[in-house]
Amino acid sequence: MLTKIALISDIHGNLTALDAVLSDIRKRGVDAIYCLGDLVGKGPRGAECIALVKEYCDKVIYGNWDVFIRDDIDNDMIQWTQSRLSEEDYAYLASLPFYIEFELNGKLIRCFHASPRSVFERIAPEYHSKEACLSLFDNSEETNSQHSERTPDIVFYGDIHMTLLRSYDTKILCNVGSVGLDVVDATYVILDGSFGANAIQFVRVPYDREAELTAAKKFGMVGYDAYQEEIMFDEVLKGKS
C-alpha cells in the first residue's frame, strides 16, 4: 500500500529545477511520485523533462501547456519550444489522463491540474470567491469518478504556481506549487499517510537558477528574456523597489 507520495507540478521545461527536486525526493523515502501536469512550455528543455518524468513518476496527468503545445500557434517562442520536442514526446503528452484519484486512510483524494472541469480554468483563493474554491471539490464529466456518490475529501492541484493549504469544514484544498516557475525555489508536496492520518508537507528546494539560464542561452532560446524574468522574479522585484 502506498502511504507516502510526492506530488509535483508545473515543471515547464526547467530541467535544473526538476533534477534538484527528484534528488530531494529520493532522500525522503517516498513510495510514489505523482506529476500534476505542465511538463513543458516556457523553459528550454521540455523533452528532457518528459524523459525524467517518464522514468521517475508513477502517475502523470496533463496540464494546459501539455495541451496547446500540440497546436499550431503563431508565436515564435512557442514554435521554438515545439521544435525541441519529438513525435514521441507529443504522443506521450497526448496519452496522459485528466486526473488521479485514490483513497488513503479512508479519505478520497483527487488530483488534477487546474480544476475538475478544465485545465484552462484557473482558480486561486486569493482572487476568487469561496464558492469558486469549493467548486474544486465537484465531480464532473472530466473526472468521471469511480466514486461518483462521493466528492473528494482532499484536492491537490497545480497551475497557479502558488503553494497553499486551505480547509473548508471537512474538505482540504492544497496547491502543490511549481517545480519550474515558483518565485524562488522549486516547490512540491509530500502526502504522508504512514501514521493513520494524512499529513501534508510543503518542500522548498533551492536550485541553481543561473545554471538554468546559462543552459537556455546556450540553446539559443527564443523568448530568453521573458524566461529570465520569470526565473529571477524575486531579483526583478528587488531591482524595481
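Structural remarks
- Per-region count, the range 189-224, residues at negative phi and either at pLDDT below 95 or of a type in the set (Lys, Arg) (or both): 7
- Failed condition for Lys59, given (1) within 27 Å of Leu2 (Cα to Cα); (2) touching a helix residue (DSSP H, G or I) at 6+ places or on another chain (Cβ under 7 Å): (2)
- Out of Arg70, Arg84, one residue alone is closer than 13 Å to Val40 by Cα, in contact with a Leu (Cβ under 8 Å, 6 or more places away or on another chain), in contact (Cβ under 8 Å) with a residue 24 or more places away in the chain and open to solvent by 40 Å² or more (accessible area, probe 1.4 Å). It is Arg70.
- Scanning the range 149-184 for residues that are in a strand (DSSP E or B), surrounded by fewer than 19 Cβ atoms within 10 Å (Cβ to Cβ) and out of contact with any Cys (no Cβ under 8 Å at 6 or more places or on another chain) returns Ser167, Lys171.
- Among residues of the range 25-67, those that are on the phi > 0 side of the Ramachandran plot and surrounded by fewer than 17 Cβ atoms within 10 Å (Cβ to Cβ), counted: 1
- Qualifying positions in the range 158-190 - closer than 12 Å to Ile231 by Cα and over 13 Å from the mean Cα position of the chain (by Cα): Val183, Val184, Asp185
- One residue stands out in the range 1-24 among those that are farther than 15 Å from Val60 by Cβ and among the hydrophobic types (A, V, I, L, M, F, W, C): the one that is surrounded by the most Cβ atoms within 10 Å (Cβ to Cβ), namely Ala17.
- For the range 185-225, the candidate set comprises residues that are assigned to a strand (DSSP E or B) and small (Gly, Ala, Ser); within that set, the residue that is surrounded by the fewest Cβ atoms within 10 Å (Cβ to Cβ) is Ala199.
- Test result for Cys133, in a helix (DSSP H, G or I) and open to solvent by less than 40 Å² (accessible area, probe 1.4 Å): yes
- Counted residues, the range 100-124 - those being crowded, with 20+ Cβ neighbours inside 10 Å, under 14 Å from the mean Cα position of the chain (by Cα) and part of a loop (DSSP other than H, G, I, E, B): 4
The values are calculated or read from the model by the stated rules, or taken from the named source; none is laboratory data. Since the model is a prediction, treat every value here as computed from it, not as a measurement. All Cβ positions, even for glycine, are placed from backbone atoms using ideal geometry, and neighbour counts span all protein chains on display. Areas reflect the complete protein model, heavy atoms only, side chains present, ligands, DNA and RNA absent. Shrake-Rupley method; radii C 1.70, N 1.55, O 1.52, S 1.80 Å.
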